[in-house]
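First up is the structure itself, then whatever we jot down about it.
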Amino acid sequence: MTKTKKRAADAAPAAVVPYEAPRFGHASWNVAESSLFLDDRGPVWDTLRRLAKELKQADIPYAVIGAMALNAHGYKRVTTDIDLVVTAEARRLIHELLDGRGYRPLFAGSRNLRDTSNGVKIDLLLAGDRAGTDDPKPIVFPDPSVDPVFVSDDVRYVTFEKLIELKLASGMSNPGRIKDLGDVQSVIGALRVPRDFGDKLHPWVRAKWFELWDAWDVDPRKDQY
């Protein structure tokens, strides 16, 4: 190896092993990591808490959505990544603040980050984008700089109502996200959310809420929740 090539190799950052890499085909890893996660411990929770602290110190607004928000609102579901909603300006500031300081873009030009200490992926979604697909619909990701948020353990999450609306809109519009509808029905059963909660939701998703609630209500297995 020439001196020039050696210097370039020495300067190149070490590859970050994705946290989720062992997920498929490694039952023991899944069991161990799931146990940690459901106890609010492990790499994903560690990354979220550290990230939330850094964003708070920098006064950058954000809101956690997805599975981590489900957990904050009382429904336990394991995930291997973190989804944040931010404005375009906040996303720029986050990269400016964190790139090369314990976090790295997934690839050159990526809008998303990966925690270099444990490999957890952080998706940075834009406020105002539509949930599920870009097809016209009134359900969009909220603006965490102005819209209400739910704060738990010093972490900012979307409100329960908005989380359910986003899950419904995503599952209704994107066949590849059908699991979002499953999440909603599981939440209905696990948290015993009353049927009339649907009255608080946007009319665009309200009928789907009642459909899922009614299907759960007639399911003979509902008492197992």
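Contact map, region 88-103: residues that are under 11 Å from residue 55 (Cβ atoms) and free of Cβ contacts under 8 Å to residues at least 60 places away in the same chain paired with residues that are surrounded by fewer than 12 Cβ atoms within 10 Å (Cβ to Cβ) and aromatic (Phe, Trp, Tyr), Cβ distance under 7 Å, separation 6+ or inter-chain. No pairs are found. Checking the stated criteria, residue 168 turns out not to satisfy the condition of being crowded, with 21+ Cβ neighbours inside 10 Å and under 13 Å from the mean Cα position of the chain (by Cα). Taken over region 187-200, the criterion of being surrounded by fewer than 18 Cβ atoms within 10 Å (Cβ to Cβ) and either on the phi > 0 side of the Ramachandran plot or assigned to a helix (DSSP H, G or I) (or both) is satisfied by 190, 191, 192, 195, 196, 197, 199, 200. Does residue 216 qualify as being touching a helix residue (DSSP H, G or I) at 6+ places or on another chain (Cβ under 6 Å) and farther than 22 Å from residue 84 by Cβ? Against the criterion (touching a helix residue (DSSP H, G or I) at 6+ places or on another chain (Cβ under 6 Å) and farther than 22 Å from residue 84 by Cβ), residue 216 qualifies. Of all residues in region 110-122, those that are among the charged types (D, E, K, R), in a strand (DSSP E or B) and closer than 18 Å to residue 96 by Cβ total 2.
Residues in region 140-156 that are under 19 Å from residue 202 (Cα atoms) and in contact (Cβ under 8 Å) with a residue 24 or more places away in the chain: 141, 142, 143, 144, 147, 149, 150.
Results for (1) more than 12 Å from the chain's Cα centre (by Cα); (2) in a loop (DSSP other than H, G, I, E, B); (3) within 18 Å of residue 123 (Cα to Cα); (4) among the hydroxyl-bearing types (Ser, Thr, Tyr), shown as yes or no for each residue.
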| residue | (1), (2), (3), (4) |
| --- | --- |
| 35 | yes, no, no, yes |
| 55 | yes, no, yes, no |
| 61 | yes, yes, yes, no |
| 69 | no, no, yes, no |
| 79 | no, yes, yes, yes |
| 82 | no, no, yes, no |
| 93 | yes, no, yes, no |
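The set of residues in region 129-163 that are part of a helix (DSSP H, G or I), in contact with a helix residue (DSSP H, G or I) (Cβ under 6 Å, 6 or more places away or on another chain) and under 25 Å from residue 47 (Cα atoms) contains only 163. Within region 38-61, is there a residue that is hydroxyl-bearing (Ser, Thr, Tyr) and closer than 18 Å to residue 149 by Cβ? Checked region 38-61: no residue is hydroxyl-bearing (Ser, Thr, Tyr) and closer than 18 Å to residue 149 by Cβ.
FYI, it's all coordinate maths here, none of it is from the lab. The shown structure was predicted, so the numbers you read here are calculated from the model rather than taken from an experiment. Cβ coordinates were reconstructed from backbone atoms using ideal geometry, including for glycine residues, and neighbour counts include every protein chain displayed.
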